[in-house]
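Contents: one structure, followed by commentary.
The values are calculated or read from the model by the stated rules, or taken from the named source; none is laboratory data. Because the structure is a prediction, the values reported are computed rather than measured. Using ideal geometry, Cβ is built from the backbone for each residue, glycine included, and neighbour counts are taken over all protein chains shown.
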């Protein structure tokens, strides 16, 4: 594909020689004859020295090589990547080796692969693709243009919006972890609520999202969830939030819009987190309310700058202990 054609498709001008582009690559693994991107001026020298044929660059940045200027080079590049993907769609249709209950409703263009199981009353929107060994329970509603990958389990009465992607072996709708002690035994509390997932949500592999005890567990529009995440019953995650790998969110916690929980963050139950809160990796949130806009770090999680000062002070503890011991010795103070 010519660079001029790529520029035309993304609606941006290009400068330099109109080269044939054979694929895409990055500066970490450059390949000759391909298109790459840079995000700032600091990367110009590296781009010029690489074997990559042409680049998408930020507005105001120029190269000796051919380039396309974009307000958001990474986003523009991501659009181009799709055109060079080696992955092709699977053949459409309903496999005779799949089980589809007679009462289930499948929209136009739905694909159901072998050994998938779709139970009574389920509804699946047009052009959705169901991989092998997927279980879709009674009364589940799935929107259009969704992609449900192999081994996913979606339990009864769950609702998914449009353009939802769920990766391999994720469980949506398992029982919430709810028990009450009676006569020394842990007695199960019935989990009779539901799960509602919005539009444009992506859920990674081996994620577990528990149904509510009562009411709903809710994942709002455009939430992105990484692999190996646990979301407990009655959790509410606001739109446009990002949940990174190995996060655990306990029951009845709510996140506002645009939050980011980095890897291995733990959140206690019944916590209310405001909008645009960022929690750094391996932090633990115990406070029952977190105001909007906060950046938190540590366990227990504190304001990021405060926690950095605490950590800096901890580095000086051996020296301070030694100095205190010397002062006590001079003063004749004996330790017990």
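The residues on offer are 176, 151, 139, and the sole one that is touching a strand residue (DSSP E or B) at 6+ places or on another chain (Cβ under 7 Å), within 22 Å of residue 231 (Cβ to Cβ) and part of a loop (DSSP other than H, G, I, E, B) is 176.
Taken over segment 275-308, the criterion of being surrounded by 15 or more Cβ atoms within 10 Å (Cβ to Cβ), touching a strand residue (DSSP E or B) at 6+ places or on another chain (Cβ under 6 Å) and under 21 Å from residue 217 (Cα atoms) is satisfied by 277, 285, 290. Contact annotation: residue pairs with Cβ atoms under 7 Å, 6 or more positions apart or on different chains, pairing a residue in segment 60-89 that is farther than 16 Å from residue 44 by Cα with a partner that is part of a helix (DSSP H, G or I), are 76/10; 79/10; 80/6; 80/10. More than 24 Å from residue 173 (Cα to Cα) and not assigned by TED's automatic domain parsing to the domain that holds residue 173: does that describe residue 325? Against the criterion (more than 24 Å from residue 173 (Cα to Cα) and not assigned by TED's automatic domain parsing to the domain that holds residue 173), residue 325 qualifies.
If a residue has to be over 16 Å from residue 238 (Cα atoms) and not in a strand (DSSP E or B) to count, how many in segment 180-214 make the cut? The qualifying residues number 15.
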